[in-house]
Each structure stands twice: as structure tokens, then as C-alpha cells.
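Data block below; observations after.
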Amino acid sequence: MLSRREHQGATTLQHLWWLYVISESALTQSRVFYGKVGPMPLLRSLFIALSANRPLRRFCEHSAVGTRLSSRFVAGMEMEDALRVAEAVNRQGMAVTLDSLGESVTSEAEAHKSAEVYHHLLDSIAARKLNANISVKLTQMGLEVSPQLAETIAGNLTEHAAELHNFVRIDMEGSPLTQVTLDIVRRLHALPRLRTAIGIVIQAYLYRSQADIEQLLADGIRVRLCKGAYKEPAEVAFPLKADVDQNFIRLSCMLLDSPVYHALATHDEAMIDAAKAFANQNGIDPSRFEFQMLYGVRRDLQRRLVREGYNVRVYVPFGREWYPYFMRRLAERPANLLFLARNFFRF
Ligand code: FDA
């Protein structure tokens with residue numbers, strides 16, 4: 001028997017599923033009339049908009065149904081769940097980056113509380129001798145409360161990581177935060193004791209990314225390149241997937257060509273094949289870079305790359321604040337909703 005809350009959750013998900021069916025058929029019609037229009041842009045926008053819906057978020061994060069559904073992309077609600085997953089991923093020959101879910105905190109106390117989880121994670125990684133580092137969002141470290149607060153907290157985390165010979169990857173969020181994120185990472189990286197312990201993420205969908213990468217390469221900062229997961233206006237980001245893909249390949253080649261160890265974060269086989277071909281043609285050894293993928297996405301491809309001798313790192317998120325992350329995963333591939341609904345309702 002489902003409780004009242006669970007019943008409401010199931011109803012919400014059924015509504016979302018119907019929305020999916022209706023939107024997909026609308027999209028099919030639009031393709032018939034207008035040709036290929038890209039990766040279901042209607043649904044992408046819908047899920048990105050829903051990712052900021054606070055009442056739905058509150059409801060989903062507190063419902064047993066939502067929590068069960070989130071387990072497709074989230075390692076668990078507790079740090080211990082994530083550490084267990086990290087051990088299992090390591091046993092399969094892959095490294096891990098751990099993400100304690102949460103973003104956009106609104107007080108200094110919350111920011112310090114979020115940082116405590118990461119300090120504890122760094123100690124646990126060292127104690128268990130895991131092949132893992134951490135991925136951190138600056139809004140979770142108080143960026144929107146005060147950039148100085150976020151810089152201090154990120155600096156302390158990076159100091160701690162450096163002492164343990166570990167590494168902090170600063171995730172990239174929406175474009176209003178790109179410049180401040182770059183500034184903070186560059187300032188922290190400029191401190192000699194932190195040089196090896198901090199890196200950043202660049203999104204191929206932004207027009208500015210090539211110039212940013214040129215600057216980061218000149219500084220010797222480690223970059224994770226991804227396509228970008230936020231809704232951005234055409235003034236700042238390529239609206240067409242084909243242009244994003246082309247830029248991803250161009251930027252991958254720039255990173256592969258540099259002596260610094262960078263990461264290419266994608267599940268797109270065309271991007272991965274292009275990187276492999278460029279590395280091959282230019283005598284770049286696979287040990288000089290890594291591919292990164294999300295927990296629960298394309299496990300087959302992750303394992304194949306390991307068998308082929310490439311370094312692979314899996315991004316493992318955990319925690320109770322899973323909703324925005326989960327919705328961004330649905331936005332990337334709305335067909336996931338159908339997959340989840342099928343499993344859940346046994347259609
Ligand atoms: P694309 O979206 O074109 O998908 C290519 C193929 O991959 C799909 O056809 C499908 O087969 C598979 N696929 C992709 N997403 C899937 C999903 N959710 N479920 C199932 N299959 C899927 N973004 C950001 O803005 N800031 C950040 O800091 C990060 N960090 C980050 C770390 C890591 C390790 C990864 C892998 C990704 C990120 N991202 C990110 C997200 C990134 O920007 C992007 O949204 C996703 O990786 C999806 O883009 P792809 O490159 O996989 O290609």
C-alpha cells in the first residue's frame with residue numbers, strides 16, 4: 001500500500017510521464033514538418049525549468065517514491081553509500097569524483113555545514129585509500145551569499161586536499177557565475193601550495209569557452225570539459241547541438257595538446273571517438289588524460305574504455321538534496337523518464 005505522500009508522488013510522476021508522451025509526439029510532428037530540430041528542446045527546457053521548482057523539489061525530496069527513483073543517478077542519501085559505491089567503482093578499474101549534492105545555499109552557516117561534509121569526505125577517502133577526489137559547487141560554498149565566503153571555504157578545502165595529496169574540482173554552474181568561478185579558481189591556483197590541488201570545469205556550449213581555455217592553459221590549470229547542463233540564452237551559448245558538439249571537439253583537441261592532465265566529461269561516443277583519434281594521430285598517450293562520466297549513465301561505455309586502456313573517472317553524487325541534479329539528468333535525456341516510469345510502474 002502506498003502512503004498518501006507516495007500516492008501524490010506517483011501521481012506527479014504519472015503527470016510528468018504523460019507530459020513526456022505528449023511532448024514527444026509533438027516533437028515528432030515538428031520533425032516531420034521542419035526537419036531535425038535538435039535533442040528534444042521542448043523537454044530539455046521543461047525539465048530545466050522544473051529543476052528550479054521549489055514546491056516540487058520539496059515534495060520529491062521528501063517522498064519515498066522520489067528517493068527510490070533518484071537511485072538511478074544518485075549513489076544514496078548518506079556519505080557511507082557514496083563511499084561504498086566509490087569502492088565498487090574503484091574495483092572495476094575506474095577512479096571516482098564524489099559530489100555531496102546541494103547548491104545555492106542562502107546563509108553562511110549552511111555554507112560551512114556543506115563544507116564540513118567535504119572535509120569529512122577527504123579524510124574518509126584517505127582513510128580508505130580510495131582512488132577518488134571531490135567535485136564542489138561554489139554556490140554550495142556560499143557564492144551567492146558572498147564571493148569572499150565561497151573563496152575562503154574553497155581555499156580551506158583545497159588546503160586540506162593538498163595536505164592529503166588529493167584534488168578539488170570546482171564544478172561550473174550557470175553563466176552568470178562563470179567569471180566569478182574562474183576568478184576564484186585562478187586566484188587559489190596561483191597560491192604555490194594549492195597549485196596541484198585545484199581544477200575547474202569549462203562548458204563547450206558557451207561562446208567564451210575557447211578564450212577561457214586559452215587563459216587556463218597559460219596558467220597550467222587542470223580543466224574538465226563538458227557540454228554544459230544549464231539553460232542559457234543564445235546571447236551567451238550555442239543554441240544548436242551540432243555547434244556545441246563541434247566546439248567540444250575543438251576544445252578537446254586544445255586540452256589534449258597541452259602538457260597538463262585534463263578530463264573530457266561526456267557520454268557521447270562521437271566526442272569520445274574524436275578525442276581518441278586526435279590522441280592517436282598526435283602520439284598522445286592515454287595516460288595523459290581521462291574520460292569522465294556520470295554514475296548510472298552508459299556503464300557499458302565506461303567499462304569498454306577501461307578495457308581499451310583509457311583512464312575513466314565516474315562522478316558519484318550522494319545526499320538528500322538530489323532533485324535539481326536529477327532533473328538536469330532528465331533534461332539531458334528525457335527518454336530516461338520513460339525508462340524510470342517503466343521500471344517503477346512495471347509498464
Ligand atoms: P549528450 O547530451 O549529447 O548525450 C550524448 C549521449 O549520451 C546521449 O545520446 C545518451 O546516449 C547519453 N546520455 C547523455 N546524458 C545522459 C543521461 N543523463 N542519461 C542517459 N544517457 C545519457 N555540466 C555543467 O554544466 N557543469 C559541470 O560542472 C558538469 N560536470 C560534469 C561532470 C561529469 C563527469 C559529466 C559526465 C558531466 C558533467 N556535466 C556538467 C554535464 C554535462 O554538461 C552534460 O550535460 C552531460 O554530460 C550530457 O552531455 P553529453 O556530453 O553526455 O552529451
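Tabulated data
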{"quantity": "Residue match in the stretch 326-344 (condition: more than 16 Å from the ligand (Cβ to nearest atom) and assigned to a loop (DSSP other than H, G, I, E, B))", "calculated": "no"}
{"quantity": "Residues of the stretch 102-119 that turn out to be in contact with a strand residue (DSSP E or B) (Cβ under 9 Å, 6 or more places away or on another chain) and not aromatic (Phe, Trp, Tyr), as a count", "calculated": "3"}
{"quantity": "Verdict on ARG313 being within 10 Å of the ligand (Cβ to nearest atom) and closer than 30 Å to LEU69 by Cβ", "calculated": "yes"}
{"quantity": "Matching helices (runs of 4 or more DSSP H) fully within the stretch 103-218 where at least 1 residues are in contact with a helix residue (DSSP H, G or I) (Cβ under 8 Å, 6 or more places away or on another chain), among the charged types (D, E, K, R) and surrounded by 15 or more Cβ atoms within 10 Å (Cβ to Cβ)", "calculated": "147-163, 178-189"}
{"quantity": "Within the stretch 134-163, considering residues that are hydroxyl-bearing (Ser, Thr, Tyr) and under 16 Å from LEU191 (Cβ atoms), the one farthest from the ligand (Cβ to nearest atom)", "calculated": "THR152"}
{"quantity": "Which listed residue, of VAL236, VAL297, VAL260, VAL306, is surrounded by fewer than 18 Cβ atoms within 10 Å (Cβ to Cβ) and in contact with a Ser or Thr (Cβ under 7 Å, 6 or more places away or on another chain)", "calculated": "VAL236"}
{"quantity": "The stretch 45-80, subset acidic (Asp, Glu) and assigned to a helix (DSSP H, G or I), residue nearest to the ligand (Cβ to nearest atom)", "calculated": "GLU61"}
{"quantity": "Filtered residues of the stretch 262-307 (kept if over 14 Å from GLN92 (Cβ atoms) and away from the ligand (no atom under 16 Å from the Cβ))", "calculated": "ALA277, PHE278, ALA279, ASN280, GLN281, ASN282, GLY283, ILE284, ASP285, PRO286, SER287, ARG288"}
{"quantity": "Filter result (more than 20 Å from TYR261 (Cβ to Cβ) and more than 15 Å from the ligand (Cβ to nearest atom)) within the stretch 164-178", "calculated": "none"}
{"quantity": "Residue within the stretch 237-248 that is within 13 Å of the ligand (Cβ to nearest atom), part of a strand (DSSP E or B), touching a Leu at 6+ places or on another chain (Cβ under 6 Å) and under 27 Å from VAL168 (Cα atoms) present", "calculated": "yes"}
{"quantity": "Residue tally, condition in a helix (DSSP H, G or I) and under 21 Å from ASP219 (Cα atoms), over the stretch 249-300", "calculated": "8"}
{"quantity": "Residues satisfying the stated conditions in the stretch 64-84, i.e. over 23 Å from SER51 (Cβ atoms) and of a type in the set (A, V, I, L, M, F, W, C)", "calculated": "MET79, LEU83"}
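FYI, it's all coordinate maths here, none of it is from the lab. This is a predicted model, so every value here is computed, not measured. Here the Cβ is made from the backbone with ideal geometry for all residues, glycine too, and neighbour counts use every protein chain on show.
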